[in-house]
1. With N residues in region 191-249, what two-decimal value do you get for its Cα radius of gyration over 2.2 N^0.38 Å?
2. List the extent of the Cα atoms of region 65-104 along each of their three principal axes, largest first, rounded to whole Å.
3. Suppose each label sits 7 Å from its Cα in the direction of the beta carbon; what would the A33-A61 distance come out to in nanometres?
4. In Å, the Kirkwood hydrodynamic radius of region 86-161 over pairs of distinct alpha carbons?
5. Lys/Arg Cβ at +1, Asp/Glu Cβ at -1, dipole of region 45-101 taken about the Cα centre: which of F78, F65, G88 is farthest positive-ward?
6. Quick one: 3J(HN,Hα) in Hz for region 112-127, Karplus 6.51/-1.76/1.60 with θ = phi - 60°, rounded, Gly and Pro as x.
7. If amide H atoms are built 1.01 Å from N in the plane of the peptide, which residues on other chains or at least 5 residues away come under 5 Å of the amide H of L137?
8. Considering only the other residues whose Cβ falls under 13 Å of the Cβ of D112, what net charge follows from Lys and Arg at +1 and Asp and Glu at -1?
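The numbers here are math on the coordinates, done by the rules we state, and not lab data. Source: prediction; values computed, not measured. Positions of Cβ are generated from backbone atoms using ideal geometry, with glycine treated the same way; all protein chains shown enter the neighbour counts.
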Amino acid sequence: MQTNQQAGPEIVLIGNSPAIRRTRMQLESAALADAPVLICGESGTGKDLVARLLHAKSSRAAQPFVKVNCPAIPEQLFESELFGYEPGAFTGANQSKPGKFEVANGGTIFLDEIGELAMPLQSKLLQALQDFRFVRLGGIQDKKVDVRVICATNRDLAREIETGEFRADLFYRINVLQIAMPSLRERAEDIPVLMEHFIQLHSEQFGRVTPPLSHSIMQVLEAYHWPGNIRELENLAKRYVVIGGEDNILSSLREKTDSNPFATDAIDVNTPLRIQTKKALRHLERRIILQVLQAHKWNRRKTARSLDISYRALLYKIKEAGVPPLRTVKTSTHAKEE
């Protein structure tokens, strides 16, 4: 799936989970229309890539794709950045300059994290989106452009309308078509193929020969709650390629799990309760075993006594849960199980 390359026809959403298949269908349908699209989802789920794919699969593919990172534009520079300016518009404006909308003329403008815009800026943007006419800062002549608008947000804009933090009329203007990006928790079955993709990608980037991850490590990755979603997974793959060693992956995940050890998985409204309950309990048991093993420096006999189960039962649960094999403590002498 997600790479940092420019999207093209050859770039696709990697994965075959029901969640990503639904997203892929939404993308294909939206690409054929020329209406505004709102991409929703948590940070790190790949909204930027989907925006580029929408453009690449549309009739505007040969025209410009212009990204605007809304939170990065200072309020006082908003108009000049989006609509351009004429000489003398402000101190230092010695020549005319087109804004983002003019640069994107004929193509697509992508307004990333639009939910971060302050209310006064939302009003100015709405005026431009109503008929795609605007005047450069310091100018007098109307400019008209033909652009497709794609927006993205990690916020619940419907709720922000209720609290008065987002304009309802702007929301209805940009929310003609909507694509929902699933969190990585909702598509855990895609993690192995995503991880393999990122390992191969960064192995080529850094000129490394990187061994594939073991099955037990993959199971640990599938059980993790991934607050940073695809971006966090890619960073972990990059770390594995550069530093090497499955121990580094485990230590990284344990550090993050310590701060939120009982993070729950997303609820699938189409899955029976008994199946979701069984899955949640299995993931919780796996996290508990990992934490107790870590507390006892991977001494399985001490872990079994702490958990009040037999040594044989612990070994079975370790195998069933896909917990990685015993890690020894690096001291002057080998750690011995008591």
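1. That ratio works out to 1.02.
2. Reported extents, whole Å, longest axis first: 27, 20, 10.
3. Distance between label points: 2.1 nm.
4. 14.0
5. F65
6. 7, 6, 5, x, 8, 5, 5, 4, x, 6, 4, 5, 5, 5, 4, 4
7. For L137, the qualifying residues are G84, Y85, E86.
8. Result for the local shell: +2.
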